[in-house]
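Read the structure below first, then the notes.
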Amino acid sequence: MKPLTIFGLFAVTAMLLSYAMEKRSPWFILAFAASCLMGSVYGFLQGAWPFGIVEAIWAVVAFQRWREARLRSPGSRVSI
């Protein structure tokens with residue numbers, strides 16, 4: 001298997017696992033955002049730019065969801 005294929009497989013597997021565990025902790029939402037970003041990089045490197053764009057958008061959405069979840073979670077601090 002080529003290194004790019006292994007990277008893509010890792011990114012998609014990380015997306016699946018972190019998405020499945022999102023309800024356990026806001027940190028899994030952040031992991032999902034990071035894995036979407038890796039999926040985006042994979043898409044662009046592979047030449048599938050529509051996939052890369054959509055995954056980049058998902059990464060931004062997931063990052064915003066992580067920020068909101070952190071603010072709602074008990075024990076979180078809000079700094080001004």
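Below are the figures for this structure:
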read-out	value
Net charge dipole size for the range 3-71 [Lys, Arg +1 and Asp, Glu -1 on Cβ; Debye, nearest 20]	240 debye
Mean ellipticity per residue at 222 nm, deg cm²/dmol - from DSSP H runs of n ≥ 4 across the chain, formula -39500 (n - 2.57)	-27500 deg cm²/dmol
Sequence-separation-based contact order of the chain, relative, with Cα cut under 8 Å and 6+ spacing, percent	27 percent
Ranking of Ser18, Ser35 by count of other Cβ atoms within 10 Å, fewest first	Ser18, Ser35
Average silhouette area of the chain, convex hull of alpha-carbon atoms, in square nanometres	5.9 nm²
Of the DSSP H helices in the chain, those whose Cα atoms cover at least 27 Å axially and whose Kyte score averages 0.5 or more	26-46
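Only the coordinates and a few stated rules stand behind these numbers; no lab work does. This structure is a prediction, so every number in the text was calculated from the model and none was measured. Backbone-built Cβ (ideal geometry, glycine too); neighbour counts: all protein chains shown.
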